[in-house]
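Asks: One structure coming up, written as structure tokens, with questions to follow.
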Amino acid sequence: MLQGLNGISITRFHDWVLAERSAVQRTRMTPAHVWQWIEANHRYNALLWDEEDRARRTDVGDSQIAASKRLIDQYNQKRNDAVETLDEAILNELRDVAPLPDARLSSETPGAMVDRLSILALKIFHMRTQTERRDVNAEHIRMCQGKLQRLSAQRRDLCACLDRLLDEIQGGHACFKIYRQFKMYNDPTLNPYLYQRHGTAASVEHEH
């Protein structure tokens, strides 16, 4: 079972990683592989955030912006891979839980909700930084403080939704499936700008 895995433990972990920016110390209450993928997802989201900022520079050449765009694509793929692997780990931990006949199917997976919590942690971290700046006027600080309050409320609400979903899944009252992302633009056999460039067509059939 998923003892110790809940909204509060996850958000505290996210905040701790951003504050420390150092080696991750994982909790021992839940099997390590679950937290391994929570950490991986959060790490790639943080890398993605930083690279998105770099890609918007106006004082560097096009080649550096292109390099940032390629890194963004790589980090985004790894972030999504971590979400799917996290969902697999959760399903593995709950393999002995049989959904009840009337169990509802959740369209959003726990991994996707953890990913959203990770992004909210980044938004909160960086918005709080804005409220502490000394090189801006009072209006900027006031505006960012209001946004910070709304982001914090959004995260609390999402934590409650995640906790409810995890409780329902462990009780057999809800279930979820892993459908895969199928990022077609990253697949050289599915992206026409990639396979047409090499004069080849996709050799195998894929779901569109």
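None of the figures in this text is laboratory data; all of them are computed from the coordinates on show. Predicted, not measured: the structure shown is a model, and the values here were computed from it. Virtual Cβ from ideal backbone geometry, glycine too; neighbours counted across all protein chains shown.
Asks: Express in nm, to one decimal, how much length is gained between Lys183 and Glu108 on full extension, taking 0.36 nm for each residue of separation and deducting their alpha carbon distance.
Replies: Taking Lys183 through Glu108 to full extension adds about 25.2 nm, to one decimal.
Asks: Who wins for biggest fluctuation among Glu52, Glu39, Glu20 in a Gaussian network model of the chain, springs between alpha carbons below 10 Å?
Replies: Highest fluctuation of the listed residues: Glu20.
Asks: Another question, if that's okay. Enumerate the residues in the range 92-109 having an amide nitrogen under 18 Å from the point lying 7 Å beyond the Cα of Gln36 toward its Cβ.
Replies: Only 92-95 fall inside the zone, counting backbone N under 18 Å.
Asks: A follow-up question, please. Which helices pass in the chain if a helix is a full DSSP H run, must span at least 30 angstrom along its long axis by Cα, and must have mean Kyte-Doolittle hydropathy not below 0.0?
Replies: Length and hydropathy pass: 110-131.
Asks: Quote the charge dipole size of the chain about the Cα centre in Debye, to the nearest 20; the model charges only the Cβ of Lys and Arg (+1) and of Asp and Glu (-1).
Replies: Computed charge dipole of the chain: roughly 660 debye.
Asks: Modelled label-to-label distance, Arg134 and Ala153, 7 Å Cα→beta-carbon offset: nm?
Replies: 3.2
Asks: Any idea how far the Cα center of the range 117-134 sits from the one of the range 34-112, in Å?
Replies: Each part's Cα centre sits 19 Å from the other's.
Asks: Taking every pair of distinct Cα atoms and averaging 1/r, then inverting, what Kirkwood hydrodynamic radius in Å comes out for the range 115-201?
Replies: 17.1
Asks: Say R0 is 45 Å: what FRET efficiency, to the nearest 0.05, do Met1 and Ala66 get from their beta-carbon distance?
Replies: 0.45
Asks: Something else about it: Picking from Thr189, Thr85, Thr129, which is most flexible by a Gaussian network model of the chain using Cα springs under 10 Å?
Replies: Thr189
Asks: Net charge around His173, counting only other residues with Cβ within less than 14 Å of its Cβ (Lys, Arg = +1; Asp, Glu = -1)?
Replies: -2
Asks: Another question, then. Over all directions, how big on average is the projection of the convex hull of the alpha-carbon atoms in the range 7-177, in square nanometres?
Replies: Average projection, Cα convex hull of the range 7-177: 11.7 nm².
Asks: May I pose another question? Mind checking which aspartates and glutamates have their C-alpha under 16 Å from Lys147, skipping anything on the same chain fewer than 8 residues away?
Replies: Straight-distance partners of Lys147: Glu132, Glu139, Asp157.
Asks: With each label point set 7 Å from Cα along the Cα-Cβ vector, what nm distance links Asp96 and Leu194?
Replies: 4.2
Asks: Which residue, Gln130, Gln74, Gln64, has the most motion in a Gaussian network model of the chain that connects Cα atoms within less than 10 Å?
Replies: Highest fluctuation of the listed residues: Gln64.
Asks: Still on this model: Roughly how many nanometres apart are two label points built 7 Å out from the Cα toward the Cβ at Asp59 and Ala19?
Replies: Distance between label points: 3.2 nm.
Asks: Something else: Counting each DSSP H run of 4 or more residues in the chain as -39500 (n - 2.57), what helix-only mean residue ellipticity at 222 nm follows after dividing by all residues, to the nearest 500 deg cm²/dmol?
Replies: -21500 deg cm²/dmol
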